[in-house]
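The next block holds one structure in the form of structure tokens; read it before the comments.
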Amino acid sequence: LISGKTSGGPNDNPEKFILNPQHKIEIPNFDSKEKTCVIISLIQTSTLQKRLELKDPEYKGLERICFKIYSINKNAEMDSKTKKYPFNSLEKVYSYPIYATEREITKKIDLKPDTYLIVPVVFDEEN
């Protein structure tokens with residue numbers, strides 16, 4: 001996530017939420033399986049630069065993070081300007097239960113065959 005460019009914060013403001021990255025995945029329809037197990041991991045990289053800028057030795061440098069999974073409506077089209085799917089064309093499938101101040105969060109989830117967006121989110125939209 002890049003401050004002010006790709007961190008739109010939580011989905012309580014759809015206009016800003018669209019700034020969050022969107023990672024599209026497709027779960028194919030295998031004859032033998034109704035659902036497919038997917039493991040999603042969100043990892044924060046080093047925040048040494050931010051700690052140095054703040055000059056606060058107590059700052060751990062971790063943002064409050066989570067991720068959300070959305071099913072893309074069949075007729076949805078990507079916005080030609082933002083290259084992202086509009087919020088109103090998505091249906092929430094899963095939301096990580098908390099905004100965690102951890103270096104890594106991971107979840108194993110079973111998904112039906114469909115096309116999904118994985119959206120990593122930081123709680124503070126300007127971070």
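Using a probe of 1.4 angstrom and keeping all protein chains present, the accessible surface of segment 76-127 works out to 63 square angstrom per residue. For the set ASP12, ASP31, ASP110, ASP124, the ranking by accessible area, highest first and with no ligand, DNA or RNA atoms included, is ASP31, ASP12, ASP110, ASP124 under a 1.4 Å probe. Among LEU19, LEU42, LEU117, the order of accessible area from largest down is LEU19, LEU42, LEU117, computed with a 1.4 Å probe on protein heavy atoms. Taken one residue at a time, the phi angles of segment 64-70 give Karplus couplings (6.51, -1.76, 1.60, θ = phi - 60°) of 7, 10, 7, 9, 10, 10, 10 Hz. Gly and Pro are set to x.
Would you mind getting me the FRET efficiency between ASN73 and LEU52? Use the beta-carbon distance for r and R0 = 35 Å, nearest 0.05. That gives a FRET efficiency of 0.20. Of the accessible area of segment 59-127, computed with a 1.4 Å probe over protein heavy atoms only, carbon and sulfur atoms account for 48 percent. Would you mind checking LYS83/LYS107; LYS35/LYS74; LYS84/LYS108; LYS81/LYS108 for any pair whose Cα atoms are more than 30 angstrom apart? In this structure, LYS81/LYS108 exceed 30 Å between Cα atoms.
Grouping the Cα pair distances of segment 59-122 into 5 Å bins from zero gives a pair-distance distribution of 4, 15, 24, 19, 16, 13, 7, 2, 1 percent in increasing distance order.
Report the accessible area of VAL93, computed with a 1.4 Å probe over the heavy atoms of all protein chains in place, in Å² rounded to the nearest 10. Surface open to solvent at VAL93 totals about 70 Å².
Stretched out straight at 0.36 nm per residue, the stretch from THR82 to GLU15 would grow longer than its current Cα-Cα span by 23.0 nm.
The values are calculated or read from the model by the stated rules, or taken from the named source; none is laboratory data. As the structure is a computational prediction, the values presented were derived from the model and not from experiment. Virtual Cβ from ideal backbone geometry, glycine too; neighbours counted across all protein chains shown. For accessibility, only protein heavy atoms count, side chains too; no ligands or nucleic acids. Shrake-Rupley method; radii C 1.70, N 1.55, O 1.52, S 1.80 Å.
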